[in-house]
Amino acid sequence: MAPPTGSSLRFTQLRMTACGRRRVARDVVLSDKDRAQKQRRAAMRRMWLVTGLAAGLLAGASARAEGDGKLKVLIVSGGHGFNQPAFFQMFKDNPDIAYTEVKHQKTSEVYDREDLLSYDVLVLYDFWQKITDEQKKKFESLFDKGVGLVVLHHALANYQDWPKFEEVVGGKFVMRDEVRDGAKVPRSGTGGGPLNIHVCSKDHPITKDMDDWKYQDEYYNKCLVSKDVTVLLTTDCPSNQKEVAWCREQGKSRVVYIMNGHDEKVYNNPNYRKVLANAIRWAARK
């Protein structure tokens, strides 16, 4: 065969070169598409990884919040002054609880909270009288749910005109003379001084293995105490109510009242702190 002419060779070479270029160009284009797809897939994988990691962290945090063993405590105040830093320090120093502090404003708005029934225990340190009928129902719903209640010191005087509160707490600080069943019930009184605290229920979880102690505090006298309570602490101070702390059950709930707790002299007492911590745990059924 005769060799191709120069123009034909050039044409062939151009064709070959052109075809080669097209093949190369096509290969390059395909490679860019592949690379773009790989980049998109890699980006998606990173996004899934980050999303999954975030979900895992959130799930882990939720699991820790639910499974860390801390009791949810709602602390209610309002209507009575107190040393707030010293009082709340008791709860900050308690590793077993996570607490929220709330305060009544006009009525008993605390019981209007949407998350009210999500708490393990309510601690009442308020001194309050105003409560609506709807708030009464919400308060009573605590005991259908099994939410625990710990009532401290002056909260015994709450809701003077609502007998249900006295029933729940198991007692009452009477702020004005009353007549019951034809008999006069005198108003309760207050005082202050040293108190010898006697542990009379040494087998109860709240006071188990505790010894008697002594401290100075505001005391109450002539308070009403229900017959269905279990008395935990007493005092021999003649000016003080004999019963200092008691407990009972209301519906599905456990209720504790502790008469002491006027100021930092009591807040800082290790025996008082232990009784309070045990009361919260017992009320939460833990």
Legend entry - Ordering of 174-181, 208-215 by packing [mean C-beta count within 10 Å, highest first]: 208-215, 174-181
Legend entry - Sorted by Cβ neighbour density within 10 Å, fewest at the top, the residues Lys184, Lys138: Lys184, Lys138
Inset, instruction - State the extension gain, in nm to one decimal, for the chain segment bounded by Asp161 and Val231, taking 0.36 nm per residue of separation less the distance between their alpha-carbons. - result: 22.7 nm
Inset, instruction - Compute the FRET efficiency between Asp133 and Asn83 as 1/(1 + (r/R0)^6), taking r as their Cβ-Cβ distance and R0 = 41 Å, and round to the nearest 0.05. - result: 0.75
Inset, instruction - Note down the magnitude of the dipole of region 70-283 about its Cα centre, charges +1 on Lys and Arg C-beta and -1 on Asp and Glu C-beta and zero elsewhere, to the nearest 20 debye. - result: 80 debye
Inset, instruction - Run the quick spin-label model on Asp181 and Lys286: label points 7 Å from Cα toward the beta carbon, then report their separation in nm to one decimal. - result: 4.0 nm
Legend entry - Inter-label distance for Asp209 and Lys103, nm, one decimal - labels placed 7 Å from Cα along Cα-to-Cβ: 3.8 nm
Inset, instruction - Apply the Debye scattering formula to region 70-283, with a single equal point scatterer on each alpha-carbon and no solvent, then give log10 I(q)/I(0) at q = 0.11, 0.15, 0.17 Å⁻¹. - result: -0.49, -0.96, -1.28
Legend entry - ³J(HN,Hα), Karplus 6.51/-1.76/1.60, whole Hz, each residue of region 208-220, x for Gly, Pro: 4, 6, 9, 9, 5, 8, 9, 7, 9, 6, 6, 10, 10
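Once you have a ≥ b ≥ c as the square roots of the Cα gyration tensor eigenvalues for region 132-214, tell me rounded if a/c is under 1.5, and otherwise prolate or oblate according to whether a/b is larger than b/c.
oblate
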Inset, instruction - Pop out the ³J(HN,Hα) list for region 260-266 in order, Karplus 6.51 cos²θ - 1.76 cosθ + 1.60 with θ = phi - 60°, rounded to Hz; leave Gly and Pro as x. - result: 6, x, 7, 8, 5, 4, 8
Legend entry - Centre separation in Å (Cα based) which lies between region 183-223 and region 227-281: 7 Å
Legend entry - Cross-link reach list, lysines versus Lys106, counting only Cα pairs under 18 Å and skipping chain neighbours closer than eight places: Lys130, Lys136, Lys137, Lys138
Inset, instruction - Please list, or write none, the lysines whose alpha carbon is within less than 16 Å of the alpha carbon of Lys242, excluding same-chain residues fewer than 8 places away. - result: Lys172, Lys214, Lys222, Lys227
Legend entry - Karplus-derived HN-Hα couplings along region 173-180 (A = 6.51, B = -1.76, C = 1.60, θ = phi - 60°), whole Hz, x at Gly and Pro: 8, 7, 8, 8, 4, 10, 10, 10
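Quick note: the coordinates plus some simple rules give every number you see, no bench work behind them. On a predicted model such as this, the values are computed, not experimentally measured, just so you know. Cβ sites come from the backbone with ideal geometry, for glycine too, and all protein chains shown count toward neighbours.
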